[in-house]
Structures are given as structure tokens and as C-alpha cells.
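> Quick one: structure below, then a few questions.
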Amino acid sequence: MNNTDPRYTPFNLVTDMLATPAFVRSFDPAVAAKIGASVAQTGKLHFTGEGSSRLFPTKHAIKVIHQRGTALQVHTEAGKQSQSYRLQDWSVIGLSNSGRTAEVIQLFKSLKEAGHTNLSSITAFANSTLESFANQGIVLGCGAEGAVAATKSVIEQALCCQAAVEAATGQNNLKGRLNQVADAMQAALTAPIAKDITDALVNAPVISWAGPNDGVAEELTLKTNEITRKRSDYFEGTYAAHGVEEVMTDKDVVIWVDPIADQEEKFEKVLVHGAGVKVIAISTRPTRFPTILVQDCGDLTGFAYMAAGWNLLVEAGTALSINVDKPQRARKVGNEFVGG
């Protein structure tokens, strides 16, 4: 993906994507220090949000902190389901790019009215409705996005979540790794995509994603709808080898993020040989499938995987002559809060 390539119109989406590595490089984890300190007081953290604001930002941070080992209790759930939970003694972090997301605001409003005093917000705009119900908040530095599909704000939200859990657990090593992550994202965003891979995406009626429950593949499933206007599904872990082949065809594509080495043979047998599906991998190592290689950033490689996925989807969207900045139905604020 290269916004000087004559195939591309000057999409705001492409501009925002290509600007993301610079925001990663300049990110200051100290912005989350106050939130991290409040989380440390309770030892229990509940993330909430909707869509892109929650999927990758919260799930990736949770995966990383669990892999490192921590006594912190942390989980994530969407706003409406969160309203059914007992969260009075939990630290709650709500994410909303606009700060106007109804489900998250309704949760914060009810918690504040019940006397909750450990509510934090992460938004892209200052003085938002969500921030007004929080005890402290972070305002993103990336600025407004030009396209409906959120990209650079998703990455900065993820960095804020990562910084918050690191501050809460005393595992502050994000700052020293930001240049490596930014370099890996830049390389993934600008890597050439083979024509046969682009053609497979263009011709596929369904583009599905498989991968760990860390928000990467799940977020890219949503981006597939927004950017390529194609149907998509997310297969968590090895779910793709557990029955979905029954309804798949030889025109379908599955993009496998961070493939599990000892499961490659099974995926090939079940999906490729069994159903004729084209499997494409995004990995730090060569695989038995056509593979988009990214630089290994250890437990932060998910950021590079996300960039590689964006690259694939923009290639497909461009080949399909889609104006990704002007969706027919999707809205920037999916469900806007109305009320006092």
C-alpha cells in the first residue's frame, strides 16, 4: 500500500493508515500512568467499548498481560452486557473514539449514579459525553480520522490499553519498543501483495479470518466489511477446523493470522484439500500457505499483523474500485447516545 501509487485515489483511509507508524513512534506511555495507578488500587480491571474501540485495543492488551503473567484480574465485554455485571469494586475503562457511544455512556452513567469512583475514559475528542462521566481520561493525539473505518485511532487506543495494564502491574517496557513496532508496521503497510492473493480476495464471496482471540483477526473481520464490502467471519483459534468446512466453497478465502505451526497440516487437510478453500497466512515465519511475512516484535507483533491486514484489504478494495471513504450504510458513530 502506497498513497503515491497511481492506482490509488487519495483515500483518507490510506492516508490515516500510512500515518499510523509515526503516531506509534511518538506515543508516550506516561499518558496512562494515572489510570494505571487507579487500576492497581483495585487489582481488577474491566474494559468496555463497542466495535473497533474494543476488539483489538482491549483483547490484545489482555493477551499480552496474561502471557507475561500477572495477578491483575482483567477482562473485556461490550457495554450492554457489562451493565448486567457487578462492577462496583472494579476499575472500569471505557473506550469510545467519538466519546458519544450509547452503550458505554449508559454503563458509565449507571455506575456513576451508583457511586462508582474508578471510571476512566479513552476518547479521541476532549470534553466528550463519556469523559464527563469518568473520573479521569485520556484524549488521543492522533486526531480525527478521514474515513468511517477506524484505523489510526484503533492503534493508539491499543497503545493506551497496553500502557495502562503495564503501569498497573509495574511491567513498563512499552516505551523502549515503540520504534521496533513502528518499523514493523511501516514495512507491513508498504509490502507488495502478490497479484494472485489480491485476485483471490476480489473473487471471494466470503473473506474469513482465523487467529488467536487477541482482537487482530476479529477487528480485521470488521474491516473486511467496511473496506471490501464483502461478507466475512471470524474463526477463533482452531475453530476453522471444527466443522465450518461444511458450508465453505472453493471460492472462499480464509486469512490465518499468527498460524499455529502444529495445526497447519490440519488446516490444509480440512480447508484446502477438503473444501478447496484458499488459505493465506500472515506470519513472522514461512508457512505451507501463501504467506505475508511481518517482522517479529515479540508479544507486540499483533500491531504488525494489523498493518499487514490493512494492506491486504486496501489492495482488494482498490482492485474492486470501492471508495472506502464513502460507505453506503456504515456510520462513524454506530449508536450515538441521546439523552441526559
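The values are calculated or read from the model by the stated rules, or taken from the named source; none is laboratory data. Being a predicted model, the structure only gives us computed values, none of them experimental. Heads up, the Cβs are rebuilt from the backbone with ideal geometry, glycines too, and the neighbour counts pull from every protein chain shown.
> Of these, Asp183, Asp214, which one is of a type in the set (Asp, Glu) and more than 22 Å from Arg68 (Cβ to Cβ)?
Asp183
> Could you please tell me which pairs satisfy a Cβ distance under 6 Å, a separation of 6+ or placement on different chains, a first residue in the stretch 17-40 that is touching a residue at least 40 places away in the same chain (Cβ under 8 Å), and a second residue that is among the acidic types (Asp, Glu) and in a helix (DSSP H, G or I)?
Phe23/Glu156
> Restricting the search to the stretch 227-248, which residues are surrounded by fewer than 16 Cβ atoms within 10 Å (Cβ to Cβ) and either assigned by TED's automatic domain parsing to the domain that holds Thr151 or in contact with a helix residue (DSSP H, G or I) (Cβ under 7 Å, 6 or more places away or on another chain) (or both)?
Thr238
> From the set of residues in the stretch 226-263 that are part of a strand (DSSP E or B) and among the hydrophobic types (A, V, I, L, M, F, W, C), which is farthest from Ile197 (Cα to Cα)?
The selected residue is Phe235.
> Among the acidic types (Asp, Glu), assigned by TED's automatic domain parsing to the domain that holds Val24 and closer than 14 Å to Val39 by Cα: is that true of Glu166 in this structure?
So Glu166 passes the test.
> Determine which single condition Thr48 fails, assuming it passes every other condition in (1) assigned to a helix (DSSP H, G or I); (2) closer than 13 Å to Ile122 by Cβ.
Tallying (1) assigned to a helix (DSSP H, G or I); (2) closer than 13 Å to Ile122 by Cβ, Thr48 fails exactly one: (1).
> On to the next question. For residues that are crowded, with 21+ Cβ neighbours inside 10 Å and charged (D, E, K, R), tally how many sit in the stretch 149-189.
3
> Can you pull out every residue in the stretch 185-194 that is assigned to a helix (DSSP H, G or I) and either touching a Pro at 6+ places or on another chain (Cβ under 8 Å) or not assigned by TED's automatic domain parsing to the domain that holds Gly309 (or both)?
Met185, Gln186, Leu189
> Going by what's in this entry, would Thr70 be described as β-branched (Val, Ile, Thr), assigned to a loop (DSSP other than H, G, I, E, B) and assigned by TED's automatic domain parsing to the domain that holds Thr169?
So Thr70 passes the test.
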